[in-house]
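Step one of this worksheet: look at the structure below.
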Amino acid sequence: MDTDMINEKKEYEECQSFQECVDELVRRTVVRIKEEMPDKGSFSDIFELFCNPDDGTSDVVGKYGLHVFKMQSDIVADPAMRYVQACAYIPSGAYKATLMAGSGRKAEILELMKEPSFAEKLNCTFGELLDMLQDF
């Protein structure tokens, strides 16, 4: 296992609460957006995930995460539009539920994600995704 993966796992394991894991997820996603996403044009999708730390729901949701991507140009022609999805995966990873968490240009997404209320709302969104998967 490479050192970066060990360090990532360690940092998430140090979270004392679910909200701290969400805060760390947002922080890491912001860093990756700044480093990996151009202002316009194509880029590799950005995925950030953390294992569900809640023993009471980990049998329903194994991982939570954010997915940052650009739509295909035949769907959305604007080369600067980006989208952020909140994701929840069942423990096997074979199925996921997603909800849109934001959209806009790079600067707009970074501004949105830096707002303290974004992580709080994301926590609520993850609750909605948990509810969706409980019905699965």
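The table below lists the values:
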item	result
Surface share of carbon and sulfur [accessible, 1.4 angstrom probe, percent] for the chain	50 percent
Residues residue 117 and residue 80, FRET efficiency given R0 of 25 Å [Cβ-Cβ distance, rounded to 0.05]	0.55
Those Cys residues of the chain for which no other cysteine Cβ falls under 4.7 Å	51, 87, 124
Sequence-distant residues sharing a close amide H with residue 101 (under 5 Å, placed H)	84, 85, 86
Mean separation of Cα contacts under 8 Å, 6 or more apart, over the residue count of the chain: relative contact order %	21 percent
[x] 59; [y] 55; [z] 51, with the label sought being that of the calculated percent of Cα pairs over 18 Å apart	[y]
Surface accessible to a 1.4 Å probe, per residue, for the residues of the chain, Å²	58 Å²
Karplus 3J(HN,Hα) series, Hz, for region 63-79 with 6.51 cos²θ - 1.76 cosθ + 1.60 (x for Gly, Pro)	9, 10, x, 10, 10, 10, 8, 10, 5, 4, 5, 6, 9, 10, 6, 5, x
Karplus-derived HN-Hα couplings along region 117-128 (A = 6.51, B = -1.76, C = 1.60, θ = phi - 60°), whole Hz, x at Gly and Pro	5, 4, 5, 5, 5, 4, 4, 5, 4, 4, x, 5
Rounded to whole Hz, the Karplus (6.51, -1.76, 1.60) HN-Hα couplings of region 90-98, x for glycine and proline	5, x, 6, x, 6, 9, 9, 10, 9
Helical mean residue ellipticity (222 nm; -39500 (n - 2.57) per DSSP H run of 4+; nearest 500) of the chain	-14000 deg cm²/dmol
Magnitude of the charge dipole, the chain, Cβ model with Lys/Arg +1 and Asp/Glu -1, debye to 20	500 debye
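The values are calculated or read from the model by the stated rules, or taken from the named source; none is laboratory data. The structure displayed is predicted, hence computed values, not measured ones. Don't worry about glycine lacking a Cβ; one is built from the backbone with ideal geometry, like all the others, and counts go over all protein chains shown. With ligands, DNA and RNA removed, areas are computed over all heavy atoms of the protein, side chains included. Shrake-Rupley method; radii C 1.70, N 1.55, O 1.52, S 1.80 Å.
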